[in-house]
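For reference, the structure discussed in these notes is given below.
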Amino acid sequence: MIMKSTAIILAAGSGKRFNAKKKKQFAKLYDKPLLYYSPKAFSESKADEIIIVTSEADIDYVAKDIVKKYEFFKVKDIVSGGNERYDSVYSGLKVASGDICLIHDCARAMINVELINRCIDETLKYRAVVPVVAPKDTVRIRDGEFGGETIDRSTLCIIQTPQCFYTELIKSAFEKMYKTDYKSLGITDDAMVVEKFSDTKVRLIEGDYKNIKVTTPEDIMIAKAFLDAENG
């Protein structure tokens, strides 16, 4: 059976840590906005459709100056996000028509087609998949102003996106979450929702160290270096 996949690209945040007048998702990475890069990668991947979640005020701009301008024909819809990340995810889920959904932060502009396709293939096997990379640095628990216990790096991983699920599974988990006192649970990503509100275990697969999250202006410099390397 052929399974249809939907990519949900989250671009509704304010990007406060980016510390710039322009919203992070519209900051220029060379001559294109940051939000250009993720739809481009998903457009070239196995994903069948794309939904972009942004703020209500930015929908027209995204439609005209990104989707139409760069001819991202796989973009099925542009919807407004919510107050929190999980609210924005649910806004996308409500209009997703794929059997599988890939939830991706647009701040991870260096996402590549190979990882997207591998996520889709692995989700068909495991129903819930998250790409991860191993931390390169030593990690310690901070004890006030002093160093505490050093954690064994082999037990740790750094979570990336896209986080990928059977759509029915993740939607059901979100619906159950909204019926609880979920704000007290400290939910930070979609895998946590699935783990807390379903019996499905999330499969961890190898991510990509280039798939960085642009959070501060310094990260733009790193992303530019990756693009320079790709373009020779």
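A compact table of results
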item: The one condition in (1) touching a strand residue (DSSP E or B) at 6+ places or on another chain (Cβ under 6 Å); (2) surrounded by fewer than 16 Cβ atoms within 10 Å (Cβ to Cβ) that ASP60 fails to fulfil; result: (1)
item: Qualifying positions in region 26-54 - more than 23 Å from MET221 (Cβ to Cβ), surrounded by fewer than 18 Cβ atoms within 10 Å (Cβ to Cβ) and without any contact (Cβ under 8 Å) to a residue 60 or more places away in the chain; result: SER43
item: Scan of region 26-38 for residues that are at pLDDT 95 or above and touching a strand residue (DSSP E or B) at 6+ places or on another chain (Cβ under 6 Å), ordered by number; result: LEU35, SER38
item: Strands (runs of 3 or more DSSP E) wholly inside region 1-108 that include at least 1 residues being within 13 Å of the chain's Cα centre (by Cα); result: 5-11, 49-54, 100-105
item: Scan of region 127-138 for residues that are farther than 14 Å from ILE212 by Cβ and either more than 19 Å from the chain's Cα centre (by Cα) or modelled with pLDDT under 95 (or both), ordered by number; result: ASP137, THR138
item: Conditions (1) under 29 Å from MET221 (Cα atoms); (2) in a helix (DSSP H, G or I); (3) touching a Phe, Trp or Tyr at 6+ places or on another chain (Cβ under 8 Å); (4) in contact (Cβ under 8 Å) with a residue 40 or more places away in the chain; number of the one not met by THR123; result: (1)
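Residue by residue, here is whether (1) touching a His at 6+ places or on another chain (Cβ under 8 Å); (2) at pLDDT 95 or above; (3) open to solvent by less than 20 Å² (accessible area, probe 1.4 Å) holds:
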{"position": "GLN160", "(1), (2), (3)": "no, yes, yes"}
{"position": "THR167", "(1), (2), (3)": "no, yes, yes"}
{"position": "SER172", "(1), (2), (3)": "no, yes, no"}
{"position": "MET177", "(1), (2), (3)": "no, yes, yes"}
{"position": "TYR182", "(1), (2), (3)": "no, no, no"}
{"position": "VAL193", "(1), (2), (3)": "no, yes, yes"}
{"position": "LYS196", "(1), (2), (3)": "no, yes, no"}
{"position": "LYS201", "(1), (2), (3)": "no, yes, no"}
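The values are calculated or read from the model by the stated rules, or taken from the named source; none is laboratory data. Predicted, not measured: the structure shown is a model, and the values here were computed from it. No Cβ is skipped: glycine too gets one built from the backbone with ideal geometry, and neighbour counts run over all protein chains shown. Quick note on the areas: whole protein, heavy atoms, side chains included, nothing else; ligands and nucleic acids left out. Shrake-Rupley method; radii C 1.70, N 1.55, O 1.52, S 1.80 Å.
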